[in-house]
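> Pasting a structure below so you can have a look.
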Amino acid sequence: MYEGVVQDLIDELGKLPGVGPKSAQRIAFHLLQADPADVTRLTEVLTTVREKVRFCERCFNVAEDTLCRICQDPRRDDTLICVVEEPKDVVAVERTREFRGRYHVLGGAISPIDGIGPDELKITELVRRLGVEPVEEVILATNPNLNGEATATYLSRLMRTMGLRVTRLASGLPVGGDLEYADEVTLGRAFEGRRVVDA
């Protein structure tokens, strides 16, 4: 335990996701030894982010305007919506350069244990969008875990009556992985998603 503001800094850094007590201590001492100009820039960036960054009014991705850059892009395909849990998932999908449609960020996943139900997510807003936009296919790209699967199942049942094509991202074995290390669910998914090999 340190005294005063140093301990306060360590405590605050320790609240960040993925930062444990040791990492928080290392970051705090790095900041104490860093060039004052670097610390000032970091402080300014953090303040600017809090002031300028908001969530897109259409898809709930991070934005600096009322709409995010993807929603403002007229070249995107309005007939496709990819539903993800968090804004960081948008970045992951965009990195693939395979998807040219629109997004909808739920703001999490259904998790009864954590008290998160459909009403805590942006599902009502999604249904509203589907009623007014020319969407033909909804791609459910929630995480392949219990909460993501529960969310995908809930959404697919909800949208079944809307006459839309609802698809789920394929899941299975990672490239470079070994069968012996795959869990039963992953291996089962790989069998379900198998496809014909072209000669």
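The values are calculated or read from the model by the stated rules, or taken from the named source; none is laboratory data. Given the structure is predicted, the values throughout are model-derived calculations rather than measurements. Please note: Cβ atoms are built from the backbone with ideal geometry, for glycine as well, and neighbour counts cover all protein chains shown.
> Let me confirm something: among V105, V127, which residue is hydrophobic (A, V, I, L, M, F, W, C) and in contact (Cβ under 8 Å) with a residue 40 or more places away in the chain? Don't jump to the end; show me each part of the working.
Details: V127 fails: in contact (Cβ under 8 Å) with a residue 40 or more places away in the chain.
Matching residue, one of V105, V127: V105.
> When you check V185 against the structure, is it hydrophobic (A, V, I, L, M, F, W, C) and under 24 Å from C56 (Cα atoms), yes or no?
It is false that V185 is hydrophobic (A, V, I, L, M, F, W, C) and under 24 Å from C56 (Cα atoms).
> Okay, next question. Consider only pairs whose beta carbons are under 6 Å apart and that are at least six residues apart or on different chains; among these, list those whose first residue lies in region 5-28 and is closer than 26 Å to K88 by Cα and whose second residue is outside any helix (DSSP H, G or I) and acidic (D, E).
Close Cβ pairs satisfying both conditions: none exist.
> Shifting gears a bit: Just need a number here: residues in region 74-100 that are under 19 Å from A152 (Cα atoms) and in a strand (DSSP E or B).
5
> Any residue at all in region 165-175 that's outside any loop (DSSP other than H, G, I, E, B), among the polar types (S, T, N, Q) and modelled with pLDDT of 95 or more? Reasoning before the result, please.
Start the filter on region 165-175 by keeping residues that are outside any loop (DSSP other than H, G, I, E, B), which leaves 165-168.
Of the ones still in play, those that are also among the polar types (S, T, N, Q) are 167.
Of the ones still in play, those that are also modelled with pLDDT of 95 or more are none.
So far as region 165-175 goes, no, none of its residues is outside any loop (DSSP other than H, G, I, E, B), among the polar types (S, T, N, Q) and modelled with pLDDT of 95 or more.
> Something else: Would you check if K52 is loosely packed, with under 15 Cβ neighbours inside 10 Å and under 20 Å from A152 (Cα atoms)? Before you say what the answer is, go through the steps one by one.
Working: loosely packed, with under 15 Cβ neighbours inside 10 Å: yes; under 20 Å from A152 (Cα atoms): no.
Against the criterion (loosely packed, with under 15 Cβ neighbours inside 10 Å and under 20 Å from A152 (Cα atoms)), K52 does not qualify.
> Scan region 132-156 residue by residue and report those that are in a helix (DSSP H, G or I) and more than 22 Å from E86 (Cβ to Cβ). Talk me through it step by step, then tell me what you get.
From region 132-156, those in a helix (DSSP H, G or I) are 132, 146-156; that's our starting set.
Within region 132-156, just V132 meets the criteria.
> Taking the condition of being part of a loop (DSSP other than H, G, I, E, B) and not acidic (D, E), how many residues in region 23-65 meet it? Spell out the reasoning first.
Step one: of region 23-65, the residues part of a loop (DSSP other than H, G, I, E, B) are 34-35, 53, 56-61, 64-65.
Pick out the ones that are also not acidic (D, E) and you get 34, 53, 56, 58-61.
The number of residues fulfilling the criteria is 7.
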